[in-house]
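Every number here is computed from the coordinates shown, using simple stated rules; none is lab data. Source: prediction; values computed, not measured. Cβ atoms come from the backbone with ideal geometry, glycine included; neighbour counts cover every protein chain shown.
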Amino acid sequence: MTGGNDELVAALERAGTRYFGVPVRIENLFRHSGGASRQTWGFDAVLGDGRREALVLRRDPPRKAGTAAPTPAENALALTRSTEFHILRAAARHGVPVPVTLFELEPGDGGGEGYVMHHVPGTAIARELLREPRYAEGRKKIVPQLGAILARIHAIPTSEVPPLKAPTPAELLAQLLRVLDAIGEPHPVFELAIAWLDRRKPPAAAPRFVHGDFRTGNYLADESGVTAILDWEIAHLGDPLEDLGWLCIKSWRFGAMENEAGGFGRREDLFRAYEAATGRPLDRQRARWWEIYGTVRWGVICMNQAWKHLSGAETSMELASIGRRAAETEFDLVQLLSEA
Amino acid sequence: MAQDRPHVHELLAAIREFLATDVAPKLDGRTGFQVKVAINSLAILEREALLGPPADARELGRLKALLDRDAPLPDLNAELARQLRAGERDESDPALMEHLRLTIADKMAISNPKWR
């Protein structure tokens with residue numbers, strides 16, 4: 001079961017023994033599918049006193065030496081695993097459902113940079129949540145829960161999280177253009193959409209804590225609805241409506257196209273749940289700007305994922321294949337800009 | 001010189017069917033997921049082998065008319081991208097929007113015909 005992962009097992013045993021204060025043996029180590037850029041591993045820690053803990057490791061994959069650096073893509077916002085660890089702790093203090101974090105790996109452990117948390121029940125796989133009968137009740141709860149959870153995330157005081165970047169809308173658009181130029185494959189639809197967004201930039205507001213990748217696929221849910229919000233690696237400061245717009249882009253509906261809010265409910269239901277939780281009205285036009293921005297952003301990320309493979313930074317068929325998904329967002333953008 | 005059959009799309013289909021029938025059922029976990037990615041990618045390549053050349057020809061013809069100049073397809077796309085970034089054209093131009101709609105429709109017929 002753990003064949004070929006002896007180094008990682010040894011690292012987890014060292015770190016686990018330090019944390020629990022008793023000898024720890026690692027069993028049933030397996031790598032979760034998905035997460036092309038960050039690795040997630042499940043395992044059992046069997047403690048010397050007989051306890052067994054179902055745990056999860058999140059870590060950076062080792063980068064091959066001597067290969068080209070990736071483009072300055074979404075990596076411009078990417079946080080270290082250590083920063084992510086501290087953000088998870090702040091989110092938990094403010095009532096956001098997140099996995100309970102236990103400990104970080106240390107350099108001497110030999111497992112790379114990462115941290116360990118408790119296993120949380122539920123699945124992140126949209127197609128299971130959307131189709132399996134046992135989730136029939138749970139999936140009705142998802143959109144109202146996500147609206148309320150987002151209000152809590154946006155209320156996390158910026159003073160309680162590690163220092164984060166606070167890109168303005170203009171800087172975010174400039175960043176997309178830099179990635180397009182670095183890859184060097186002209187995409188007229190993305191140029192049109194970025195120019196459209198540039199002419200309609202929302203006025204700056206006081207920066208708030210923003211999750212940055214709040215979408216179906218990045219939370220766990222089960223029969224009771226949402227159990228944990230995951231994937232905090234591009235948390236930053238900015239306009240909270242960025243998170244609502246991102247959740248509504250077509251790419252996260254997984255075939256349930258009429259349910260704009262992540263495939264589980266209507267956009268308006270999400271907005272109302274968010275308004276009920278914040279007690280303030282939400283600017284729909286501004287949310288729309290962020291949804292269109294999010295659609296371009298996903299398209300550029302698709303190009304960049306393929307570029308990681310093509311540049312030799314991270315050889316992966318999965319990354320390479322994502323390049324062909326950029327066209328989906330071009331299709332959506334032509335539609336969105338024709339309606340707008 | 002023309003190659004013997006199978007044609008590109010036929011050989012790709014044979015590989016895809018082998019992976020789907022004989023390989024995928026034996027796998028699970030991460031490798032199983034990746035074989036599904038491979039099967040999906042092979043289906044894209046099959047469609048591209050058949051539909052790609054005529055789609056490129058249509059895109060080139062439209063771009064020549066839209067930009068009123070003759071150059072290879074990548075150069076014309078680079079020029080259109082430049083004009084859009086510079087604000088020389090925008091979404092109020094019906095000919096531009098029609099070109100983009102038709103181009104994306106051809107792209108989607110290859111990369112993901114089910115997308116709506």
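Given +1 at the Cβ of Lys and Arg, -1 at the Cβ of Asp and Glu and no other charges, the dipole of chain A around its Cα centre is 500 debye to the nearest 20. When +1 charges are put on Lys and Arg Cβ atoms and -1 charges on Asp and Glu Cβ atoms, the dipole computed for the stretch B:59-101 relative to its Cα centre reaches about 80 debye. Estimated from the Cβ-Cβ distance and a Förster radius of 35 angstrom, the FRET efficiency linking B:LEU51 and A:ARG284 is about 0.35.
When B:ILE44, A:ILE229 are sorted by how many other C-beta atoms sit within 10 angstrom of their C-beta, beginning with the fewest, the order is B:ILE44, A:ILE229.
Report the FRET efficiency, 1/(1 + (r/R0)^6), for B:ALA86 and A:ARG134, where r is their Cβ-Cβ distance and R0 is 56 Å, rounded to 0.05. After rounding to 0.05, the efficiency reads 0.55. Projecting the Cα atoms of A:PRO162, A:GLN305, A:GLY323 onto the charge dipole of chain A (Cβ charges, centred on the Cα centre) puts A:PRO162 farthest toward the positive pole. Label positions at A:ARG152 and A:GLN335, each projected 7 Å from the Cα along the C-beta direction, are separated by 3.3 nm. The stretch A:292-340 and the stretch A:159-213 have Cα centres separated by 15 Å. According to the square roots a ≥ b ≥ c of the eigenvalues of the Cα gyration tensor, what is the shape class of the stretch A:81-155, taking rounded for a/c under 1.5, prolate for a/b larger than b/c otherwise, and oblate for the remainder? Note, shape of the stretch A:81-155 comes out oblate. Helix A:284-310 axis versus longest C-alpha principal axis of chain A: approximately 60°, rounded to the nearest ten. The long axis of helix A:81-93 is offset from the longest Cα principal axis of chain A by roughly 80 degrees. Report, to the nearest 10°, how far helix A:136-154 tilts away from the longest principal axis of the Cα atoms in chain A, using its own Cα long axis and a range of 0 to 90°. Orientation of helix A:136-154: about 80 degrees from the principal axis.
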